[in-house]
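So the structure is just underneath, and the comments pick up after that.
The values are calculated or read from the model by the stated rules, or taken from the named source; none is laboratory data. What you see is a predicted model, and the numbers here were worked out from it, not measured in a lab. A quick note on method: Cβ atoms are made from the backbone with ideal geometry, for glycine too, and the neighbour counts reach across all protein chains shown. Heavy atoms of the whole protein, side chains included, go into the accessibility calculation; ligands, DNA and RNA do not. Shrake-Rupley method; radii C 1.70, N 1.55, O 1.52, S 1.80 Å.
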Amino acid sequence: MKDQRGSVTVISLAMLLFLMVVAVAWLPMMTMEKTAAASDYREQQAWNAAEAGYKRAVAALSNKNADWRWLTPEEYIQDSDSANFVHLSIDGNKVDQDEIWYAVGIIENNADIASDYTPEDDAVYRITAIGSCQGIRKVIRKNYTSGDIGGSGGGDSGGEETLELPGLVQADGTVTVKNSNNTILGDIYGFDKEDQSGDKHFNNGNNWQGNYMGTLKTKLPDNIFDKSFYKDIKTLDVLPINNNEPFILGAKEQIYIDWPIGFYKDEWNQGKKWEYQIRGGQGSVLFINCPKNNNSIDLTNGIIGPSSGEPLTLVFNGDVIIRTPLQGNIRIFVKGSVKLDSSNSGNPTNSEELLMIMANGDIDMARSWGLANGKRYAFLSSNSNVVLENSCNSFCGQIQAQNDVTIWSSVIEYSNKVLKSAGFTVPKGMK
């Protein structure tokens, strides 16, 4: 009987030990779930605050409000870390920086509206509303035409949002500097680093900032590459132009084509060169299916986006090699990998050309973009790897990558100009 009681004690102790092990194993998972839930809550509250600010602006414009002292100037809106925000809660009271608040700016004719401004009929206003909850910020940018029942164009309409990144490079993998002659101006965040330039940039410099503490959103949602996602899209089997004429997309126009399409010639037996030029109006979309021609886009006269305002958006539903010159403001979404080869980038069309490239595969940048008299700025985002080749001898902008970033480029400099510009938003649902 005593042996039986002893066995029960041992079994009980073993069960208690097992339960303790299980409890200890579950603790980190419970903590992670709690952290994720708290983050989701703050993100939703920040969105709610931004929407509240935007709706307040629309209501005030619709009612021809004449008191705009509650607005925040555009120069402070652009600098999202500024201490000059008019910090407001949803009920309009000033609150602490760590609470829920929104700040709103309204631009008309490229200038802030005055504190005593009276809204005009049919005027177009650019509304920027920033919502914040405990340090997490969300931004809504839309154009509003006085008299509309809602907003029109731009910003987060159609399921888009803005990104805010602190540094020149953000990577969840290794950041490698290959060229000993590199000039790097900006903060670099990564999981690990490898400096083959004599520890010039990481150990002895101020570039390396360690792990990126935020959550990188790098994977484009599948619906972006579904033709039915674009409700107003038109399919073209032939181009409605003559040889050597530009193919022009109007503002907000959406076109789908199977590449190659149009006119071509064989230059010196070196391959097919399509002769026409593509020009996109503000907010236009060109969806390109390009399984032929080695997934290569090669236009003699290039692709030109608008010189200001919302960019031309190019959508590729697979891998693509872009050999054609690019000019103006252009946004590129790629389902696979993308390479910008070392072909001529084209002459700048205005004082500030903006390029956004987002790919679910690798990005191979073999073409300079930036530092050409301060005229070109880029944002690169990959769900895999980013490489700046030697032939990309200058780059100015920002980079994010789910995996590794390799820098051969001789000059690479930070600028957040692309992500701060109206129309350079990203699809919601990115992970």
Checklist entry - What do you reckon, how do 138, 375 stack up by accessible area (1.4 Å probe), largest on top? => result 375, 138
Checklist entry - Which residues' amide hydrogens lie under 5 Å from the amide hydrogen of residue 252, considering only partners 5 or more residues apart or on another chain, with H built in the peptide plane? => result 282, 283, 284
Item to check | Label-point gap, in nm, between residue 55 and residue 403 - each point 7 angstrom along Cα→Cβ | outcome: 4.4 nm
Item to check | Largest to smallest accessible area among 208, 68 [probe 1.4 Å] | outcome: 208, 68
Next on the checklist: Using amide H atoms built in the peptide plane, which far-off residues or other-chain residues are under 5 Å from residue 170 H to H?
Outcome noted: 189, 399, 400, 401
Checklist entry - Which FRET efficiency, nearest 0.05, do residue 111 and residue 232 yield, Cβ-Cβ r, R0 35 Å? => result 0.65
Checklist entry - ³J(HN,Hα) across region 56-72 via Karplus (A = 6.51, B = -1.76, C = 1.60, θ = phi - 60°), whole Hz, x for Gly/Pro? => result 5, 5, 4, 4, 5, 5, 5, 8, 6, 4, 10, 10, 10, 5, 7, 6, 10
Next on the checklist: Can you sort 41, 212, 276 by solvent-accessible area, 1.4 Å probe, largest first?
Outcome noted: 41, 212, 276
Checklist entry - Which far-off residues, 5 or more places away or on another chain, put their amide H under 5 Å from the one on residue 331, with H placed in the peptide plane? => result 312, 313, 314, 356
Next on the checklist: With θ taken as phi - 60° and the coefficients 6.51, -1.76 and 1.60, list the Karplus ³J(HN,Hα) couplings across region 211-222 in order, rounded to whole Hz; mark glycine and proline as x.
Outcome noted: 4, 6, 7, x, 9, 6, 10, 10, 8, 6, x, 4
Checklist entry - Efficiency by 1/(1 + (r/R0)^6): what FRET value for residue 123 and residue 222, r their Cβ-Cβ distance, R0 = 45 Å, to the nearest 0.05? => result 0.70
Checklist entry - If you plug each phi of region 129-136 into the Karplus form 6.51 cos²θ - 1.76 cosθ + 1.60 with θ = phi - 60°, what whole-Hz ³J(HN,Hα) values come out, in order, with x for Gly and Pro? => result 10, 10, x, 9, 9, 6, x, 8
Checklist entry - What pairs from 231/252; 375/428; 252/431 go past 21 Å between their alpha carbons? => result 375/428; 252/431
Checklist outcome for this item: Given a Förster distance of 41 Å, the FRET efficiency implied by the Cβ-Cβ spacing of residue 20 and residue 192, rounded to the nearest 0.05, works out to 0.70
